[in-house]
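Take a look at the structure set out below.
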Amino acid sequence: MINLCDNAFHGIVPSFRDLPYLTELNLGINQLEAGDWSFLSSLRNCDQLVYLCLDRNILEGALPSSIGHLPRTLQVLLLTSNKISGTIPQEIEHLQNLTQLYMEHNLLAGNLPDSIGNLPNLFTLCFSQNKLSGQVPHSIGNLSQLSELNLQENNLSGSIPKALGYC
C-alpha cells in the first residue's frame, strides 16, 4: 500500500510498473499532473491493485483508452476534482470488478458511453459536475448492484430511461 495523500507533491505521476504486490495507491489531494497519462499503462503490472485514488490533483487532458488496461482487480477508482476533459472512453467496460467510480467535478464532455452498463459490480457511479450531454444510456439498467447514481450538474437531456428501475 502506498498512501501519499494530502501533501504538496507536484510534477507528473510516476510509473509504478515494478510493484506487482501493490494493492492500494492513494495520491489524492496533491498537485500532480498526468503528463501523457503513461502512468496508467505502468499500473497494468500491479496485478493486485484494488484501490486507485488520484482525486483533487491537477490531472489535465483527455482520459486515454488505456484506462481499460488497469488491472482487472481494481474495485475503486477516484478521479474527482481534476481537470480531465474529453469523453469517457468505451474501454472503461474492461474494469469488470469496479464497485466505485468517482469522476465528478471534471470537464468531461460528450455522452455517457453505453459500455458503462457492462460493469456488473458497480455500486456507486458519480459523474456529477461535468459537461456530459445527450441521454442517459438504457444500458444503465444492467447495473443491478447500483446503489448510488450521481449525474447532477451536467447537460443531460431526453427522457429519464425506464431502465433506471432495474438498478
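Going by what's in this entry, would ASP6 be described as assigned to a loop (DSSP other than H, G, I, E, B), open to solvent by 70 Å² or more (accessible area, probe 1.4 Å), modelled with pLDDT of 95 or more and among the acidic types (Asp, Glu)?
On the way: assigned to a loop (DSSP other than H, G, I, E, B): yes; open to solvent by 70 Å² or more (accessible area, probe 1.4 Å): yes; modelled with pLDDT of 95 or more: yes; among the acidic types (Asp, Glu): yes.
For ASP6, the condition - assigned to a loop (DSSP other than H, G, I, E, B), open to solvent by 70 Å² or more (accessible area, probe 1.4 Å), modelled with pLDDT of 95 or more and among the acidic types (Asp, Glu) - is met.
Looking at region 31-46, which of the residues that are assigned to a loop (DSSP other than H, G, I, E, B) and open to solvent by 10 Å² or more (accessible area, probe 1.4 Å) is farthest from HIS69 (Cα to Cα)? Walk me through it before giving the result.
Of region 31-46, the ones assigned to a loop (DSSP other than H, G, I, E, B) are 34-37, 46.
Remaining after also requiring open to solvent by 10 Å² or more (accessible area, probe 1.4 Å): 35-37.
Numbers: GLY35: 18, ASP36: 15, TRP37: 12 Å.
Going through the qualifying residues, I end up with GLY35.
Taking LEU151, is it open to solvent by less than 20 Å² (accessible area, probe 1.4 Å) and within 26 Å of ILE58 (Cβ to Cβ)? If you could, list the steps in order and put the result at the bottom.
Details: open to solvent by less than 20 Å² (accessible area, probe 1.4 Å): no; within 26 Å of ILE58 (Cβ to Cβ): yes.
For LEU151, the condition - open to solvent by less than 20 Å² (accessible area, probe 1.4 Å) and within 26 Å of ILE58 (Cβ to Cβ) - is not met.
Out of curiosity, is ARG17 out of contact with any His (no Cβ under 6 Å at 6 or more places or on another chain), open to solvent by 10 Å² or more (accessible area, probe 1.4 Å), assigned to a loop (DSSP other than H, G, I, E, B) and at pLDDT 95 or above? Before the answer, list the steps.
Values: out of contact with any His (no Cβ under 6 Å at 6 or more places or on another chain): yes; open to solvent by 10 Å² or more (accessible area, probe 1.4 Å): yes; assigned to a loop (DSSP other than H, G, I, E, B): yes; at pLDDT 95 or above: no.
So ARG17 fails the test.
Can you pull out every residue in region 47-87 that is open to solvent by 60 Å² or more (accessible area, probe 1.4 Å) and part of a loop (DSSP other than H, G, I, E, B)?
Answer for region 47-87, where residues must be open to solvent by 60 Å² or more (accessible area, probe 1.4 Å) and part of a loop (DSSP other than H, G, I, E, B): ASP47, GLN48, ARG56, ILE58, ARG72, GLN75, THR87.
Enumerate the pairs (first residue in region 14-31 and over 12 Å from LEU54 (Cα atoms) and β-branched (Val, Ile, Thr); second residue anywhere and modelled with pLDDT of 95 or more and not in a loop (DSSP other than H, G, I, E, B)) with beta-carbon separation below 9 Å, excluding pairs fewer than 6 apart on the same chain, so at least 6 apart or on different chains.
Filtered contacts from region 14-31: THR23/TYR51.
The values are calculated or read from the model by the stated rules, or taken from the named source; none is laboratory data. No experiment lies behind these values; they were computed from the predicted model shown. Counting neighbours? That spans all protein chains shown, and the Cβs are built from the backbone with ideal geometry, glycine included. What goes into the accessible areas is simple: the full protein's heavy atoms, side chains included, and nothing from ligands, DNA or RNA. Shrake-Rupley method; radii C 1.70, N 1.55, O 1.52, S 1.80 Å.
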